[in-house]
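Please read the structure below before turning to the comments.
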Amino acid sequence: MQTRLIGIATLTLSLLGFASEGLAQRRPSRPPPGVTVEADGSLSLGSREKQYLDLAVRCGDQVRAVVERWLDSKEITAEQLWAQLYFPIAKTNPPKFETPWLAYAERDMQPILDACVATDTSLLFVIFVDTNGYLPVHNPKYRQKTTGNAAEDLSRNRTRRIFNDQVGLAAARNTEPFLAQTYMRDNGETFADLSVPVMVKGVHFGAIRVGYPIK
């Protein structure tokens, strides 16, 4: 079991599903319709998917720029950004977490992601996750006020969660130009997931994930 102790905050990585033996077994899911696997194993995108890829790249560039601005302006230190510390928020189910950079994500990332998802009404979401699948902020549809009803809150408020399922972690840790997968959410929804890596100061920080309906 790997444990980090920072002040009074203890992060137990294995409890969050990050044990090294578990990570080695995770693989991307099958590609969705509109994405063709070529003979050499590469993926070929349809016209709709190419549009979503362009959007993901543009959105990722904007996210990268704001994170690098945090570092350049010393609003946050490199140690705080790369420490990957997740502080549990009490009485949340599924568990939610805070990070040293959450407030900056809410201030700077959230408007970018909201603008990106608003470009196409068919999009289900446009989100950023770090390399452990941590999702600090979400689009308006998925950051509604919690009600205390677990079933409703599962679908309506998905902020500050760690999505380290097979698809989520594959997207978060992929360093190829893009990854296209079929995703079944924990609430039963199934859709296509197209992601691109986000590099900050040349280091892999996470991914932009674009969700859209399967046709």
*asked:* Based on C-alpha coordinates, I'd like the Rg and Dmax of the chain, in Å.
replied: 16.9, 53
*Out of Leu123, Pro94, Val203, whose Cα points farthest toward the positive end of the dipole of the chain (charges: +1 Lys, Arg; -1 Asp, Glu; placed on Cβ)?*
Pro94
*With point charges of +1 on the Cβ of Lys and Arg and -1 on the Cβ of Asp and Glu, referenced to the Cα centre of the chain, which listed residue (Gln51, Leu194, Pro136) lies farthest in the positive direction of the dipole?*
Pro136
*If each of Ala103 and Asp186 carries a label point 7 Å out from its Cα toward its Cβ, how far apart are those two points in nm?*
2.7 nm
_Distance between the range 169-215 and the range 87-118 - C-alpha centres, whole angstrom_ = 17 Å
_For the range 30-212, size of Cβ-based charge dipole, Lys and Arg +1, Asp and Glu -1, in debye_ = 460 debye
*List nothing, just return the count: lysine pairs in the chain, 8 or more apart or interchain, with Cα separation under 21 Å.*
5
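Starting with the fewest neighbours, write out His204, His138 ranked by other beta-carbon atoms found within 10 Å of each beta-carbon. Write down the numbers at each step before the final one.
Details: His204 15, His138 23.
Least to most surrounded, the residues fall as His204, His138.
Can you give the FRET efficiency to the nearest 0.05 for Thr92 and Glu38, using r as the Cβ-Cβ distance and R₀ = 45 Å?
Working: r = 43 Å, r/R0 = 0.96.
Here the calculated transfer efficiency is 0.55.
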*Shape call for the range 54-129 from the C-alpha gyration tensor, a ≥ b ≥ c root eigenvalues: rounded (a/c under 1.5), prolate (a/b greater than b/c) or oblate?*
oblate
_Of Leu71, Leu169, Leu194, the one that fluctuates the most in a GNM where the chain has Cα springs shorter than 10 Å_ = Leu71
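Can you put Ile76, Ile89, Ile162, Ile127 in order of Cβ neighbours within 10 angstrom, beginning with the fewest?
Ascending number of Cβ neighbours within 10 Å: Ile89, Ile76, Ile162, Ile127.
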*Long-range amide H partners of Val198 with built H, under 5 Å*: Phe205, Gly206, Ala207, Ile208
_Theoretical FRET efficiency, 1/(1+(r/R0)^6), r = Cβ-Cβ of Lys74 and Ile214, R0 45 Å, to 0.05_ = 0.55
_3J(HN,Hα) from dihedral phi, the range 40-49, Karplus parametrisation 6.51/-1.76/1.60, rounded to Hz, x for glycine, proline_ = 8, x, 6, 9, 10, 9, x, 4, 5, 5
*HN-Hα J in Hz across the range 100-114 - Karplus 6.51, -1.76, 1.60, θ = phi - 60°, x for Gly and Pro*: x, 10, 4, 4, 6, 5, 5, 6, 10, 6, 4, x, 5, 5, 5
*May I ask you to compute the full-extension gain from Lys201 to Thr146, defined as 0.36 nm times their residue separation minus their alpha-carbon distance, rounded to one decimal in nm?*
16.2 nm
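FYI, it's all coordinate maths here, none of it is from the lab. Predicted model, so just to flag it, every value in this text is computed and none were measured. Every residue, glycine as well, gets a Cβ built from its backbone with ideal geometry; the counts of neighbours run over all protein chains shown.
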